[in-house]
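Asks: Attaching a single structure in structure tokens format; questions to follow.
The values are calculated or read from the model by the stated rules, or taken from the named source; none is laboratory data. Worth saying up front: this structure is predicted, and the values here are computed from it rather than measured. Here Cβ is always computed from backbone atoms with ideal geometry, including for glycine, and neighbour counts include all displayed protein chains. Areas reflect the complete protein model, heavy atoms only, side chains present, ligands, DNA and RNA absent. Shrake-Rupley method; radii C 1.70, N 1.55, O 1.52, S 1.80 Å.
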Amino acid sequence: MSLLVVGLSHRSAPVSVLERASLSAESQAKLLQDTLAAEPAVEAAVLATCNRIELYADVDKFHAGVAELSTLLAQHSGVGLDELTPYLYVHYEDRAVHHLFSVACGLDSMVVGEGQILGQIKDALALGQELHTAGRLLNDLFQQALRVGKRAHSETGIDRAGQSLVTFGLEQLADGRDTAAWAKGKRALVIGAGSMSSLAAATLARTGVAEIVVANRTRARADRLVEILNQAGGTGVAARAVEMDAVSDELTRADIAVSCTGATGLVLSAEAVAGALGIDPAPAYEMPAAPVAVAAPAPVQPDEQHAAWVENGSATVIAQAQAAVRRIPAQSTGPVRLALLDLAMPRDIDGGAARLDGVRLVDIESLAEASADAPMAADVDQVRSIVADEVAAFGAAQRAAHITPTVVALRTMAAGVVAGEIARLDGRLPDLDEKQRAEISQTVRRVVDKLLHAPTVRVKQLASEPGGAGYADALRELFDLDPQTVAAVSRADLNDPNRGRS
């Protein structure tokens, strides 16, 4: 296994960089295809969410793989390599497995313990399967990550350590007050009808708002979401759908607005928010007075230090860069007339709206800061223990699987020897009846199976331990196995249409 992941997330990069580096569905597909066409990679998968972009690959060369994957991320994200490099992190082999399992459990999320990442991991695997870029290693890895994430949520109280991004965002808007009491009777505008917007609408309905208005570029999706909300029993919410061009009018009547669309530009400008409130726009948000010099990252080493390429070596640089590029000013003071929750990446709502009188804005960046200060539940330690155990088990399984084609080839060769000897016996003793011939054949096969049983079981056990990869080579050498036969077994296993399907 030579698993490599190169990526950036809310932990390594400021929101301004993540916004520009976001990948569309089309860009993700092209990135995977180009990664597979690159020399170091034989498998690839991309995990792209609102707060992370990670490229996973099975590579044959570490340094070449890091260079190639970093270059491809830069090309497809639209952020120059020199600018992107300081924010990239690198994980290799077991450290890469540990990282994905931690992500699947919600340990690396903005809100610790949130479960939405599992659906995003499943989507990443499905895309790799659809484009045939995910082979045996990545199929096994992502399927196991999904199982580890589900195990963490079912066996621990990690759900108590965090909440969905929507719930956490509403709590931040409530600013310390009980969310249900704060939301009761309010009118809410939800912009977008995708998975996150639908979750926001459902959460608002459960929280106790009086009305939800859904606006979406595709009216049919907005109508469908409204139908679901109106069918939900017990919430008492009135829901209706409007066209996107009605957002400005609806904003004048709204107390809460939640936006999460796939738009590449702003959906709500500061001027539009000011117009809805009937006030003058606030001054434009400020850019940093002077650029901050960003040092180049330290050279990547193919040992245990490679995982800390950015997290440790460039931590100070990242902190300086984050402070330098932050463009959202402090919140306005006074009574809140309009609460805005922006869950989109890139952002939907102009950060300058936060400076308007009577406006409170919570977005991805402020959620990340608030989540970093939140206390960690004791269950997190239990989840970390689960991750560590699962990483060890996955590594052992992969090492054991590496020797399986060799063991199969050995048994195939032995079966061929038995068949040849039985055929020779038939020629020398043609008068044997069918019962005698069957008994002799069965006896010879039992002898061969018993001779091979102990060494093949033992070699699988040894191969599953760290440093056990050499046992496959030893078997091939000792029994003079044809490398083409071993490779054929590997290809048959890799091309199994039922393998790793989600």
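Asks: For residue 107, list long-range residues whose amide hydrogen, built 1.01 Å from N in the peptide plane, is under 5 Å from its own amide hydrogen.
Replies: 113
Asks: Starting from the Cα of residue 181, step 7 Å along the direction of its Cβ; do the same at residue 63; then give the gap between the two resulting points in nm.
Replies: In this crude spin-label approximation the distance works out to 6.3 nm.
Asks: Give me a comma-separated list of calculated 3J(HN,Hα) values for region 75-90, in order, Karplus coefficients 6.51, -1.76, 1.60 applied at θ = phi - 60°, integers in Hz, x for any Gly or Pro.
Replies: Values, residue by residue: 4, 8, 8, x, 9, x, 4, 4, 6, 6, 3, x, 9, 7, 10, 10 Hz.
Asks: So between residue 195 and residue 155, what do we pick up on full extension, going 0.36 nm a residue minus the alpha carbon distance?
Replies: 11.8 nm
Asks: With every protein chain kept in the model, how would you rank 390, 243 by accessible area, 1.4 Å probe, largest at the top?
Replies: So the residues, ranked largest to smallest area, are 243, 390.
Asks: I've got another one for you. Using only the heavy atoms of the protein chains and a 1.4 Å probe, how would 426, 348 rank by accessible area, largest first?
Replies: 426, 348
Asks: Determine the alpha carbon to alpha carbon distance for each of 30/150; 61/460; 122/186 and list only those over 32 Å.
Replies: Numbers: 30/150 30 Å; 61/460 26 Å; 122/186 36 Å.
Over 32 Å apart, Cα to Cα: 122/186.
Asks: Could you rank the peptides 140-147, 219-226, 11-18 by their average count of other C-beta atoms within 10 Å per residue, with the highest value first?
Replies: Sorting 140-147, 219-226, 11-18 by mean packing, highest first, produces 11-18, 140-147, 219-226.
Asks: Hey, can you grab everything whose amide H is under 5 Å from the amide H of residue 363? Only 5+ residues off in sequence or another chain; H modelled, so Pro and N-termini drop out.
Replies: The list, which skips near neighbours in sequence, is 342.
Asks: Which shape class applies to region 116-169: rounded if a/c is under 1.5, otherwise prolate when a/b exceeds b/c and oblate if not, where a ≥ b ≥ c are the square roots of the Cα gyration tensor eigenvalues?
Replies: oblate
Asks: Taking θ as phi - 60°, what are the ³J(HN,Hα) couplings along region 403-413 by the Karplus curve (6.51, -1.76, 1.60), each to the nearest whole Hz, with x for Gly and Pro?
Replies: Using θ = phi - 60°, the values come out as 8, 4, x, 5, 5, 4, 5, 5, 5, 5, 4 Hz.
Asks: Using each residue's phi in region 429-445, evaluate 6.51 cos²θ - 1.76 cosθ + 1.60 at θ = phi - 60° and report the 3J(HN,Hα) Karplus result to the nearest Hz, with x for Gly and Pro.
Replies: With the stated coefficients, region 429-445 comes to 10, x, 8, 5, 7, 4, 5, 5, 4, 5, 5, 5, 4, 5, 5, 5, 5 Hz.
Asks: Sticking with this one: If I stretch the segment between residue 132 and residue 228 completely, what's the gain in nm (0.36 nm per residue apart, minus their alpha carbon distance), one decimal?
Replies: The residue 132-residue 228 span can extend by a further 31.0 nm.
Asks: Which listed residue (180, 78, 191) has the Cα farthest towards the positive end of the charge dipole for region 78-210, taking +1 on Lys and Arg C-beta and -1 on Asp and Glu C-beta about the Cα centre?
Replies: Positive-most Cα among the choices belongs to 180.
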